[in-house]
Amino acid sequence: MTPATTVPSAMPALSGASGGTLPPLFTTAVTATAVLGCLAYLAAAARLRARGDAWPYGRDALFCAGGVVLVAGVAEPWGAAPPFTAHMLTHLCVGMVAPLLLVLGRPLTLTLRTAPVPVRRVLVALTRSRWAALPVLPPVAALLDFGGLWLLYRTPLLSVSHHNPWLNTAVHVHILLAGLAFSFGLLALDPVRHRPGFGLRAAVLLAAGTAHAVLAKSLYAAGPPGTSFGAADLHLASQVMYYGGDAVELALAAVVACRWYRAEGRALRRARRAGRPAPCGTTTAAVTRS
């Protein structure tokens, strides 16, 4: 008879949206930062309007909605859901939905228009620096964001982080910052050192969406290494990732497409006023609608 072999136990099913191991201090810090950030945003927008400048109320709503989604992501109100599904809902809120909504609020533009002059100078210098522009360059931001997800779900990292609260915290901080960098760089709504062309942004979004979809489908078949989630939980979580990611990526694509269309229209109007031929690739429809 051969001796019994000890088999390393797989990670138990996660007990909560983020594995039940996020330190309360982190959740409190994120919640407080989100609340204070929304209040500061609303105060700055009110100050801007009080001096007669225009600032759409829709941006206020988008930014505050992003704060609410972020708080919900770390507060985990879906704790009764299957563990991996709950974890994926947190990933969707923290890494995709909240960053998109926050970026659509254009907080940097608002800060540049309302902050004291010394603060504006620092921010302008920051936005023009090469090291700050690199992480929000769409290909780099996509690699940080979606490459990080492949690393999390296709290596033992998720299993290891489940047993280390601070590593789990670092993972969630990365997911949030990478999501913000991707949305910020892809949409380029706020001032940046160099706005990449719309063609590059569209290509990066298509590649990133494909990588995200393939990862979601792979999770439908097999969970992250070192975990032992049930088949039903894996299937539901992968569907949340697949369809939720699709919804956010379609929203990103819609914003990029609308801005591309408007940019073509502006280029055509300038060309017509100057009596020059229309720029290459500009559509006739853009002139009609512009």
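General observations
- Meeting the requirement of 1 or more residues that are of a type in the set (Asp, Glu) and touching a helix residue (DSSP H, G or I) at 6+ places or on another chain (Cβ under 8 Å), the helices (runs of 4 or more DSSP H) wholly within the range 45-105 are 57-75.
- Residue tally, condition exposed (fewer than 14 other Cβ atoms within 10 Å of the Cβ) and either of a type outside the set (A, V, I, L, M) or within 14 Å of residue 104 (Cβ to Cβ) (or both), over the range 50-78: 8
- Test: residue in the range 248-255 that is charged (D, E, K, R), closer than 27 Å to residue 59 by Cβ and without any contact (Cβ under 8 Å) to a residue 40 or more places away in the chain: no
- So residue 288, is it over 30 Å from residue 163 (Cβ atoms), modelled with pLDDT under 90 and surrounded by 16 or more Cβ atoms within 10 Å (Cβ to Cβ): no
- Residue within the range 209-220 that is more than 18 Å from residue 246 (Cα to Cα) and among the hydroxyl-bearing types (Ser, Thr, Tyr) present: no
- Residue 166 being at pLDDT below 90 and either more than 29 Å from residue 256 (Cα to Cα) or assigned to a loop (DSSP other than H, G, I, E, B) (or both): yes
- Residue count for the range 221-235, restricted to those that are in contact with a Phe, Trp or Tyr (Cβ under 8 Å, 6 or more places away or on another chain) and either assigned to a helix (DSSP H, G or I) or among the aliphatic types (A, V, I, L, M) (or both): 3
- Scanning the range 185-204 for residues that are crowded, with 22+ Cβ neighbours inside 10 Å and closer than 13 Å to residue 134 by Cα yields 185, 186.
- For the range 230-247, filtering for residues that are exposed (fewer than 13 other Cβ atoms within 10 Å of the Cβ) and in contact (Cβ under 8 Å) with a residue 24 or more places away in the chain leaves 1.
- Which numbered condition residue 62 fails, given (1) modelled with pLDDT of 95 or more; (2) closer than 19 Å to residue 174 by Cβ: (2)
- Looking across the range 82-94, the residues that are touching a residue at least 40 places away in the same chain (Cβ under 8 Å) and among the hydrophobic types (A, V, I, L, M, F, W, C) come down to 84, 86, 88, 89, 92, 94.
- Pairs where the first residue, in the range 131-156, is closer than 15 Å to residue 202 by Cα and the second is basic (Lys, Arg) and surrounded by 15 or more Cβ atoms within 10 Å (Cβ to Cβ), C-beta under 6 Å, 6+ apart: 138/201
- Meets criteria (under 12 Å from the mean Cα position of the chain (by Cα) and either modelled with pLDDT under 95 or surrounded by fewer than 20 Cβ atoms within 10 Å (Cβ to Cβ) (or both)) for residue 136: yes
- Taking the listed residues 146, 182, the one that is surrounded by 15 or more Cβ atoms within 10 Å (Cβ to Cβ), in contact with a His (Cβ under 6 Å, 6 or more places away or on another chain) and of a type outside the set (Lys, Arg) is 146, with no other qualifying.
- Residue 128 being at pLDDT 95 or above and in contact with a Lys or Arg (Cβ under 7 Å, 6 or more places away or on another chain): no
- Any hit, the range 239-260, residues being at pLDDT below 95 and among the hydroxyl-bearing types (Ser, Thr, Tyr): no
The values are calculated or read from the model by the stated rules, or taken from the named source; none is laboratory data. Since the model is a prediction, treat every value here as computed from it, not as a measurement. Don't worry about glycine lacking a Cβ; one is built from the backbone with ideal geometry, like all the others, and counts go over all protein chains shown.
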